[in-house]
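A short worksheet on the structure shown next.
The values are calculated or read from the model by the stated rules, or taken from the named source; none is laboratory data. As the structure is a computational prediction, the values presented were derived from the model and not from experiment. Positions of Cβ are generated from backbone atoms using ideal geometry, with glycine treated the same way; all protein chains shown enter the neighbour counts. The accessibility values were calculated without ligands, DNA or RNA, using every heavy atom of the protein model including side chains. Shrake-Rupley method; radii C 1.70, N 1.55, O 1.52, S 1.80 Å.
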Amino acid sequence: MNFSFETTPRILCEQGSARRLGELARDLGMRHVYLVTDRFLHESGLTREAEASLAAAGLRVTVFADVQADPPEGSVEDAVADAVAKGVDGVIGLGGGSSMDTAKLVALLARTPQPLPSIYGIGLAKGPRLPLIQVPTTAGTGSEVTAISIITTPTSEKKGVVSSLLYPDIAVLDSLLTLGLPPRVTAMTGVDAMVHAIEAYTSRVKKNPLSDALALKALVLLHDNIRTVVNDGRNADAREAMLLGSLFAGMAFANAPVAAVHALAYPLGGHYHLPHGLTNALVMVPVLAFNMPVAAPLYAQLGRAMLPSMQSADDATASAAFLDAIRKLVAGMPFEQTLRGAGVPAGDLPMLATDAMKVTRLLVNNPRDVTYEDVLGIYGAVL
Ligand SMILES: NC(=O)c1ccc[n+]([C@@H]2O[C@H](COP(=O)([O-])OP(=O)(O)OC[C@H]3O[C@@H](n4cnc5c(N)ncnc54)[C@H](O)[C@@H]3O)[C@@H](O)[C@H]2O)c1
Ligand SMILES: [Fe+2]
């Protein structure tokens, strides 16, 4: 079996580790840090410990708190121009996927200028980049261990910059930063991480023994803890299990990429600015059901890992139990359950299906070939 596997070289998982950002940044040679976050996180005080730690280590800090959700191209370009003007020499992303994805591109483009639209796709970016630390506050996108940054273009498409240059130098998991994440966001981001694990495990092209092991472990951690953190956000150990699950899922899908769930989710994010996790949650069950005729043996393996009662079940039983468990889990989550409920007009489905078919970067990874009519049917199933 031939494969290659890459990930973030240094990972620190410790409750309260935001207090160690000063020493970590200094280890990487940073003297003037660009701290990339969003307005809410900055104003609610979530960045305070990180800022204090950096100051205590004698580092200058410039905070950029203008990250936009599903970062639009222009907002990233503004951040890059600001970072260059301020003369920073290192970047820390602290926040959800939107903050971390913005931070990745600031680290790259502030050091090696190149037009952002010219690097959408795989392996087109040129380096080097500035030193980069990522601190996730959702669990999550796994962006702290992926080589991907997802941007919204001026034509409302979601495009990815994929480059090994975007793996950060250090990922810091501090579950105390996630205790205040509201139940709705906890649920949506947790389901996003579960989709990463499932789609990595069934990825058609680059699935490999390492991504498989990580995806299985991720799914078990996420499945076993998501209800706990939605109901009791202040459970630090369950929050840490979710962060780890999100990290493992990120490591898996960075090497065995996601597929049709994400391809169908992207147009919903691009056009209606629905949260990324919600868009995945909406289309997840019908996409898995669509894949079942081809992916049943793999879904059975996921079912056996996730559900103790299925450990010795045959493929048909375990794969059906897997899909049923996912259906029930999603149905019990505190977010919208239909496209209409999320504000998507029925008349838009053909346009959405056309856009989803353009996400060939991801559709090629789906275990079953997908046509325009299939996509229309899947959207129709959750209307
Ligand atoms: N790079 C990747 O590998 C990758 C993978 C999946 C998704 N993404 C991208 O990531 C983005 C979504 O990221 P996300 O789901 O983390 O959402 P996000 O970063 O947009 O944050 C969602 C909301 O949660 C709030 N929030 C974040 N942490 C919080 C906390 N600890 N307490 C209270 N509120 C908190 C934020 O302020 C924001 O309002 C999308 O653009 C998506 O396309 C990237
Ligand atoms: Fe995702």
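Taking square-rooted eigenvalues a ≥ b ≥ c of the alpha carbon gyration tensor, is the range 10-178 rounded, prolate or oblate, where a/c under 1.5 means rounded and, failing that, a/b exceeding b/c means prolate?
Working: a/c = 1.57, a/b = 1.42, b/c = 1.11.
In terms of gyration-tensor shape, prolate.
Of Val63, Pro367, Leu166, whose Cα points farthest to the positive end of the dipole of the chain (charges on the beta-carbon: +1 Lys, Arg; -1 Asp, Glu; origin at the Cα centre)?
Towards the positive end, the residue furthest out is Leu166.
In square nanometres, what is the average projected area of the Cα convex hull of the chain?
On the way: hull surface 68.8 nm².
Mean shadow area of the hull around the Cα atoms is 17.2 nm².
Could the peptides 164-174, 48-58 be put in order, highest first, of the mean number of other beta-carbon atoms found within 10 Å of their residues?
164-174, 48-58
For the residue pair Thr153 and Thr112, what label-to-label distance in nm results when each label sits 7 Å from Cα along the Cα-to-beta-carbon direction?
Roughly 2.2 nm, to one decimal.
Have a look at Gly93, Pro350, Asn231 and report the one farthest towards the positive end of the charge dipole of the chain, computed about the Cα centre with Cβ charges (Lys/Arg +1, Asp/Glu -1).
The listed residue farthest towards the positive side: Gly93.
Given H placed 1.01 Å from N in the peptide plane, which residues other than close sequence neighbours of Thr47 have an amide H under 5 Å from its amide H?
Correct list: empty.
Roll a 1.4 Å probe over the protein chains and send me the accessible area per residue for the range 10-178 in Å².
Numbers: 6050 Å² over 169 residues.
On a per-residue basis, 36 Å².
Shape verdict for the range 183-381, please, from the Cα gyration tensor: rounded (a/c under 1.5), prolate (a/b greater than b/c) or oblate.
Note, shape of the range 183-381 comes out oblate.
Suppose R0 equals 41 Å. What FRET efficiency, 1/(1 + (r/R0)^6) with r the Cβ-Cβ distance, do Glu77 and Met1 give to the nearest 0.05?
0.50
Report, in listed order, any pair from Lys126/Lys358; Lys217/Lys358; Lys217/Lys328; Lys159/Lys328 with a Cα-Cα distance greater than 29 Å.
Distance filter (> 29 Å) returns Lys217/Lys358; Lys159/Lys328.
Counting only protein heavy atoms and a 1.4 Å probe, tell me what percentage of the range 183-381's accessible area is made up of carbon and sulfur.
C and S fraction of accessible area: 58 percent.
Could you order peptides 276-285, 290-299, 122-131 by the average number of other Cβ atoms within 10 Å of their residues, highest first? Please report the intermediate quantities before stating the final value.
Working: 276-285: 26.3, 290-299: 18.4, 122-131: 16.5.
Per-residue Cβ counts within 10 Å, averaged per peptide and sorted highest first, yield 276-285, 290-299, 122-131.
What residues qualify as long-range amide H neighbours of Val61, i.e. H under 5 Å apart, gap of 5 or more or another chain, H built at 1.01 Å from N?
Val33
Using the membrane-span-like helix rule (whole DSSP H runs, Cα extent along the own axis of at least 15 Å, mean Kyte-Doolittle hydropathy at least -0.5), which helices of the chain qualify?
Result, helices passing both filters: 73-86, 97-109, 183-201, 209-231, 236-255, 260-272, 276-306, 315-331.
In deg cm²/dmol and to the nearest 500, what is the mean residue ellipticity at 222 nm of the chain if only DSSP H runs of at least 4 residues count, each as -39500 (n - 2.57), divided by the residue total?
Details: 14 runs with 194 residues, N = 383.
Dividing the helical sum by the residues of the chain leaves -16500 deg cm²/dmol.
Please identify the trypsin sites (Lys or Arg not before Pro) of the range 145-217 that satisfy two criteria: DSSP loop assignment and at most 16 other Cβ atoms within 10 Å. Which are they? Can you show the working numbers first?
Numbers: sites: Lys158, Lys159, Arg184, Arg204, Lys206, Lys207, Lys217; in loops: Arg204, Lys206, Lys207.
Within the range 145-217, the qualifying trypsin sites (Lys or Arg not before Pro) (loop, at most 16 other Cβ atoms within 10 Å) are Lys206.
Shape verdict for the range 305-367, please, from the Cα gyration tensor: rounded (a/c under 1.5), prolate (a/b greater than b/c) or oblate. Each step should come with its number before you reach the end.
On the way: a/c = 3.51, a/b = 1.61, b/c = 2.18.
Since a/c reaches 1.5 but b/c is at least a/b, the shape of the range 305-367 is classed as oblate.
Please list 3J(HN,Hα) in residue order for the range 6-16, calculated via the Karplus relation 6.51 cos²θ - 1.76 cosθ + 1.60 where θ = phi - 60°; whole Hz, with x for glycine and proline.
10, 7, 5, x, 9, 10, 10, 10, 6, 5, x
Enumerate by residue number the trypsin sites (Lys or Arg not before Pro) in the range 310-383 meeting two conditions: DSSP loop (anything except H, G, I, E, B), and at most 15 other Cβ atoms within 10 Å of the site's Cβ.
Numbers: sites: Arg327, Lys328, Arg340, Lys358, Arg361, Arg368; in loops: Arg340, Lys358, Arg368.
Sites meeting the loop and neighbour criteria: Arg340, Lys358.
Could you provide, to the nearest whole Å², the per residue accessible area of the range 246-383 with probe 1.4 Å?
I get 36 Å² per residue for the range 246-383.
How large is ³J(HN,Hα), in whole Hz, for each residue of the range 142-154 in order, when computed from phi with the Karplus curve 6.51 cos²θ - 1.76 cosθ + 1.60 and θ = phi - 60°, using x for Gly and Pro?
x, 4, 5, 10, 10, 9, 10, 10, 9, 10, 9, 7, x
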